[in-house]
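Data first, discussion second: the structure below is written as C-alpha cells.
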Amino acid sequence: MQITFQFRLYPTPEQEQQMNRTLDLCRKLYNQAKEQRETAYNQEGKTITYAMQQNDLPALKKEFPAYKEVHSQVLQDCLQRLDDAYQRFFRGEAGYPHYKSADRYVSFTYPQPGAVQKTFAKEGTVYLPKIGVVKMNVHRPFDRVSVTQINVKRYGERWMINISVKVPNTEVMQAVESAVGIDVGLSSFAALSDETKVDNPRYLRKAEKRLRRAQRRLSRKQRNSRNRQKAKRKVAKTHQKVARQRKDFLHKQSYRIVQGHDLIAVEQLKVRNMVRNRRLAKSISDAGWRKFITYLSYKAERHGKRFVQVPAHGTSQTCLCGADVPKTLAVRVHECKRCGLIQDRDVVSAKIILQRALKISA
Ligand SMILES: [Zn+2]
C-alpha cells in the first residue's frame, strides 16, 4: 500500500518563483488540453485521448518554448489529471471538468521520481528537477528507496511536499488501508480520509435549479386556473426526476465506497440541529446526507463490511495529533501549530472520524 508523508518546504525566493511559474504553465497546459478536446469533439466529433495529447508534448514545446521550463513528467501529469477528470465524469462520479483558475491549480507532481541518490542527496533537502535542491523539514523518517511519487503543493504563502511511499502489505496495514472515514463536505458532497472528495454532480445542481424555478412559476399562477393545474403537473414531474437522479448518485457513490473498503466510518449527525444553521442547511439537505448514511449502512451490511458511526463532537476542531485547532466555517484549511499538519479541513475531519472509528473497533 501507499502512504504519504507531508513536510514543509523552504524554497529560496528564486526557487519559489520557479515553482509558481511551474504552476502557471501547468494550469495553461491543462486548460489548453481541455480546449483541444472540446474543439475536436464539437467540430469534428473526434475524441482526443491522453496518449494523443502526450505524444503532442514535444511539438508543443517546440512551438511554446516556455514549457521547456517544466519537467516533462510534470507536464505529463497535467494531462493525466485532465484525463482523470474526464474519466470520473464519464463514470458519473463527478461533474464535467472545469477550466482551472490560478487558485484552483495549486500543485504539481513528479509521478516517477528519479534515483534516490540524486533526489535525497543531502539530509533535509529534496532535489526537484527544474527547480533545484529545496530545503524541507523532515519531521518523520521515511523509506527513501520506496518513494513512488512526489507532489508539491502551495497553501497560500506556504509550500508543502507530499511524498508517497510504498510500504509492505502487512496484515495490520491492510486493515487500516481498507478502512475509510467520510465527512460531510461543505465545498463538496463528501470528503474521504484517503484525501479524495466526492463532488455534487453538476447535472444534479442544474436539475435542482430547474425545480426551484418551476416551483416559483407555480406560486404565481391563479388559484383553480387551468394554467395552475399545468404548472402543478410540471413541478411534480421535475421533482420526480430530481429525486431519481439524486438517488441514483447516492447509490453509485455508496456502492463504490462499500466495494473499496472493509470498514466505513461516518459521524453521528444530528441533522435536525444542523438544518437550523442556515449556512449548512442547503448543503446538508440538498445532498441528502442522511439518505446517504442509510445507503452506506445497509450496503455495508449486505456485503459483510463494518459500518461505524462515531460521536460527532469536535471532529472539525481537533487535529490528528490531538491538539485543538478551532476554526470557523469560513476557514477552509486545517493548520496545526503543534504537529505542522496542513490540509483541507474536510479531509482532516474525515481522517479524525476514521481515527475514532478504529479506536472504537479496536
Ligand atoms: Zn496536529
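The values are calculated or read from the model by the stated rules, or taken from the named source; none is laboratory data. Because the structure is a prediction, the values reported are computed rather than measured. Positions of Cβ are backbone-derived with ideal geometry, glycine not excepted, and every protein chain shown enters the neighbour counts.
Pick from region 322-351 the residues that are of a type in the set (A, V, I, L, M, F, W, C) and more than 23 Å from N151 (Cα to Cα): which of them is farthest from the chain's Cα centre (by Cα)?
As a first pass, look at region 322-351 and keep what is of a type in the set (A, V, I, L, M, F, W, C): 323, 325, 329-331, 333, 336, 339, 341-342, 347-348, 350.
Checking which are more than 23 Å from N151 (Cα to Cα) leaves us with 323, 325, 329-331.
Working: A323: 25, V325: 22, L329: 18, A330: 18, V331: 17 Å.
The residue in question is A323.
Starting from residues that are among the aliphatic types (A, V, I, L, M) and in a helix (DSSP H, G or I), keep the ones in region 1-36 and report whichever is nearest to K130 (Cα to Cα).
Checked region 1-36; the qualifying residue nearest to K130 (Cα to Cα) is M19.
Identify all residues within region 243-274 that are β-branched (V, I, T) and surrounded by 19 or more Cβ atoms within 10 Å (Cβ to Cβ); write none if there are none.
I257, V258, I264, V266
Among (1) farther than 22 Å from P113 by Cβ; (2) in a helix (DSSP H, G or I); (3) of a type outside the set (A, V, I, L, M), there is one condition T47 misses while meeting the rest; what is its number?
Only one criterion in (1) farther than 22 Å from P113 by Cβ; (2) in a helix (DSSP H, G or I); (3) of a type outside the set (A, V, I, L, M) is unmet by T47, namely (2).
Residues of region 348-362 being within 14 Å of the ligand (Cβ to nearest atom) and surrounded by 21 or more Cβ atoms within 10 Å (Cβ to Cβ), which ones? Break it down into steps so the answer makes sense when it comes.
Filtering region 348-362 down to residues within 14 Å of the ligand (Cβ to nearest atom) leaves 348-349, 351-352, 355.
Within region 348-362, V348, S349, K351, I352 qualify.
How do the pairs read when you match residues in region 161-186 that are more than 18 Å from Q355 (Cβ to Cβ) and outside the structural domain of R256 (by TED's automatic domain parsing) with residues anywhere that are at pLDDT 85 or above and aromatic (F, W, Y), using Cβ under 8 Å and keeping only pairs 6 or more apart or on different chains?
I161/F7; I163/F7
Going by the conditions given, is S285 at pLDDT 80 or above and of a type in the set (G, A, S)? I'd like the intermediate steps shown before the answer.
On the way: at pLDDT 80 or above: no; of a type in the set (G, A, S): yes.
It is false that S285 is at pLDDT 80 or above and of a type in the set (G, A, S).
Where in region 118-157 are there strands (runs of 3 or more DSSP E), lying fully within it, with 3 or more residues that are in contact (Cβ under 8 Å) with a residue 40 or more places away in the chain?
Hits in region 118-157: 132-137, 147-155.
If E301 passes every condition in (1) at pLDDT below 90; (2) within 25 Å of D262 (Cα to Cα); (3) within 14 Å of the ligand (Cβ to nearest atom) but one, which one does it miss?
Failing condition for E301: (3).
What are the residues in region 308-343 that are buried (at least 19 other Cβ atoms within 10 Å of the Cβ) and more than 9 Å from the ligand (Cβ to nearest atom), if any?
Answer for region 308-343, where residues must be buried (at least 19 other Cβ atoms within 10 Å of the Cβ) and more than 9 Å from the ligand (Cβ to nearest atom): V308, V310, A312, T315, S316, Q343.
Test each condition in (1) within 14 Å of the ligand (Cβ to nearest atom); (2) modelled with pLDDT of 90 or more; (3) buried (at least 17 other Cβ atoms within 10 Å of the Cβ) for Y295 and report the one that comes out false.
It is condition (1) that Y295 fails.
If T39 passes every condition in (1) farther than 24 Å from Y155 by Cα; (2) assigned to a strand (DSSP E or B) but one, which one does it miss?
Only one criterion in (1) farther than 24 Å from Y155 by Cα; (2) assigned to a strand (DSSP E or B) is unmet by T39, namely (2).
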